[in-house]
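Following: one structure in structure tokens, then a few remarks.
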Amino acid sequence: MPYKNFEEYNMQVTDDVKNRYKNIIEDLGEDIGRDGLLKTPERAAKAMQFLTQGYHQDPVEILKSAMFKESYNEMVLVKDIELYSLCEHHILPFFGKAHIAYIPNGHIVGLSKLPRIVDVFARRLQVQERLTEQILDCINDTLKPQGVAVVIEASHLCMMMRGVQKQNSITTTSGFRGQFEKIETRNEFLKLIGK
């Protein structure tokens, strides 16, 4: 099955990660026996498995499961796709939205599959630049469209909560393949997403 909602946890992994979280909490000076923290290590272990479930999903199979022959050859755009990921440098969240467009070349894909692809790659330890490229390349290599465009806008808690502590900064990354490398097609896409 190419996509499933992650609700099952590997108990061996859960126990191993739970014990590590217990040690981290104790090393930070907290009392792991305190009421509010008794179940925190297990909750954190399950949360990390959920937030990294993309390692166990196949984005190519997700796209292939809903590819349809179609003669439509104009831009298809799905914008404002919510995304949540973890920065691989500090394991702190970054979140925002992705905009994806493609120009079919004999095949279209079910619209829900594009946000699912975003989730698969976002649910890994990431950097925004790689996330953009992975989404772009997966769609380009699997669907083989005339062109693909991806823009991601995100806020990074590693910049907001620590480090430079800049609350209003937004990071934008983009990638273009095929027809979107032409300025007129790119400009049409950017206008449609309000950029």
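The values are calculated or read from the model by the stated rules, or taken from the named source; none is laboratory data. Computed from a predicted model, the values in this text were never measured in an experiment. Neighbour counts run over all protein chains shown; Cβ positions are idealised from the backbone, glycine included. Quick note on the areas: whole protein, heavy atoms, side chains included, nothing else; ligands and nucleic acids left out. Shrake-Rupley method; radii C 1.70, N 1.55, O 1.52, S 1.80 Å.
Side notes on the structure shown:
- Here the accessible area of region 55-195 is 51 percent carbon and sulfur, with a 1.4 angstrom probe and all protein chains present.
- Our summary of shape: the Cα atoms of the chain have principal axis extents of 62, 41, 20 Å, ordered from largest down, in whole angstrom.
- Our summary gives the chain a relative contact order of 19 percent, counting only alpha carbon pairs under 8 angstrom and 6 or more residues apart.
- Whole-Hz couplings from phi, Karplus 6.51/-1.76/1.60, listed for region 131-147; x for Gly and Pro: 4, 4, 5, 5, 5, 4, 5, 4, 5, 4, 6, 8, 7, 6, x, 5, x
- A Förster radius of 45 Å, combined with the Cβ-Cβ distance separating Leu192 from Gln12, puts the computed FRET efficiency at roughly 0.45.
- Scaling against 2.2 N^0.38 Å puts the C-alpha radius of gyration of region 71-175 at 1.13.
- Based on DSSP H segments of at least four residues, each scored -39500 (n - 2.57), the chain has a per-residue ellipticity at 222 nm of -11500 deg cm²/dmol.
- Taking region 14-76 as the region of interest, the number of lysine pairs whose Cα atoms are within less than 16 Å, with members eight or more places apart or on different chains, is 4.
- Between region 155-195 and region 68-147, the alpha-carbon center distance in angstrom: 14
- The modelled label-to-label distance for the pair Leu111/Arg20, using points 7 Å beyond Cα in the direction of Cβ, is 4.0 nm.
- Per residue, in Å², the accessible surface of the chain once ligands and nucleic acids are set aside, probe 1.4 Å: 57
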